[in-house]
1. Suppose a student asked you for the relative contact order of the chain, using Cα pairs under 8 Å spaced at least 6 residues apart; what percent would you report?
2. For the range 23-122, run through the trypsin sites (Lys or Arg not before Pro) and keep only the ones in DSSP coil with at most 14 other Cβ atoms within 10 Å of their Cβ.
3. Between Leu154 and Gln132, take the C-beta separation as r, use R0 = 35 Å, and let me know the FRET efficiency to the nearest 0.05.
4. If the range 1-147 were replaced by its equivalent ellipsoid, with semi-axes equal to the square roots of 5 times the Cα gyration tensor eigenvalues, what would those be, largest first, whole Å?
5. Where is the GNM fluctuation largest for the chain (alpha-carbon springs, 10 angstrom cutoff): Gly140, Gly234, Gly41?
6. Restricting to DSSP H runs of at least four residues, report the calculated mean residue ellipticity at 222 nm for the chain, -39500 (n - 2.57) per run over all residues, nearest 500 deg cm²/dmol.
7. Show me, for the range 103-113, the HN-Hα J-couplings you get by feeding each phi into the Karplus relation (A = 6.51, B = -1.76, C = 1.60, θ = phi - 60°), rounded to Hz, glycine and proline as x.
8. Dividing the Cα convex hull volume of the chain by residue count, how many Å³ per residue is that?
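What follows is calculated from the coordinates using simple rules that are stated; it is not laboratory data. Just so you know, these numbers come straight off a predicted model, no measurement behind them. Reconstructed Cβ throughout: ideal geometry from the backbone, glycine too, with neighbour counts over all protein chains shown.
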Amino acid sequence: MTAAIIQAVLLSLTVAALYAAVAAGLTLTVGVTRIINFAHGEFVMLGAFLTYWLYTRFGLSPWLGMLASGVALGLFSMLVYRGFLARVLKQDEHNQLLATLGLSILILNIAIILWSPDPRVMQAPALLPSAQFAGVTIPGNNIVVAIVGLLLFLVMLGIKNHTRYGTQMRFASDDPALAMHAGINVDRIFELSFVIGGAAAGLSGGLVALVLYVQPTVGVDLVIRAFAIIALGGLGNIPGALIGAAILALVEGLISTFVPGGGSWGFGVAFLILLLVLLVRPSGLFGKQVHA
């Protein structure tokens with residue numbers, strides 16, 4: 001029983017790193033632009049497909065495939081922002097939600113038409129050796145996910161808190177009008193945050209391809225959890241999102257291990273946690289409380 005608990009906890013922490021990687025870019029984008037990007041999951045899905053194809057068709061290492069996916073989705077995000085999102089930002093918030101939801105549905109349906117809904121498995125060899133701990137084996141690729149996911153969050157945190165652009169992002173997010181008067185190009189800062197978020201989605205899509213499966217709906221499964229993580233951690237709170245990912249993954253992992261049929265409860269757990277947080281603390285566990 002002890003070994004089973006240790007294995008469930010350790011594997012859940014590697015899953016938490018994957019959830020955190022998926023939520024990292026979304027956390028930054030939502031925190032800066034205040035737009036809920038429903039298409040973020042489809043960006044992750046595209047990154048997973050690109051990494052999968054680069055490996056299966058061209059033999060490109062998943063390490064390089066992940067990097068290529070990050071660059072490609074960063075460029076794609078720039079096109080999306082310049083093509084229509086910059087205009088939507090100036091409209092009513094309901095139009096913003098409908099625009100990103102429509103983009104999500106469009107990309108998802110095109111992917112299903114082009115590539116079919118059948119799941120694919122990359123079956124890449126272990127990029128790192130497995131680790132032994134207390135009689136429990138952690139696969140090497142799960143370790144890769146944990147390392148890359150944590151590094152991605154550290155990069156996001158570093159950009160936001162220790163760079164000039166990060167300072168401008170926080171300023172533009174808190175008061176866009178005042179930031180414009182201060183000489184900050186708010187539209188450019190919003191675009192930069194969206195591009196960084198898209199690049200993070202592409203990179204995390206590579207992690208998805210490495211340890212899960214690749215199919216058009218894989219992003220839907222993950223982005224729902226990402227929204228729950230953002231609600232847990234607090235809007236735009238990057239360290240809070242990391243803790244939220246750990247909470248969600250641990251709860252899911254322990255339930256799936258020790259509760260009969262618990263493996264199919266993933267969405268239920270995510271929505272239950274989201275509902276409880278919104279009822280008890282709408283600003284999230286680590287978000288700022290707003291008083292009337």
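1. On the way: 495 pairs, mean separation 104.1, N = 292.
Once divided by the residue count of the chain, the mean separation gives 36 percent.
2. Values: sites: Arg34, Arg57, Arg82, Arg87, Lys90, Arg120; in loops: Arg34, Lys90.
Qualifying residues, ordered by number: Lys90.
3. Once rounded, the FRET efficiency stands at 0.85.
4. Values: eigenvalues 220, 79, 37 Å².
Semi-axes from the Cα gyration tensor: 33, 20, 14 Å.
5. Most flexible of the set in this elastic network: Gly140.
6. Numbers: 11 runs with 211 residues, N = 292.
Rounded to the nearest 500, the figure is -24500 deg cm²/dmol.
7. For the range 103-113, the Karplus curve yields 4, 4, 5, 4, 4, 4, 5, 5, 5, 5, 5 Hz.
8. Numbers: hull volume 40.8 nm³, N = 292.
Given the Cα convex hull of the chain, per-residue volume reads 140 Å³.
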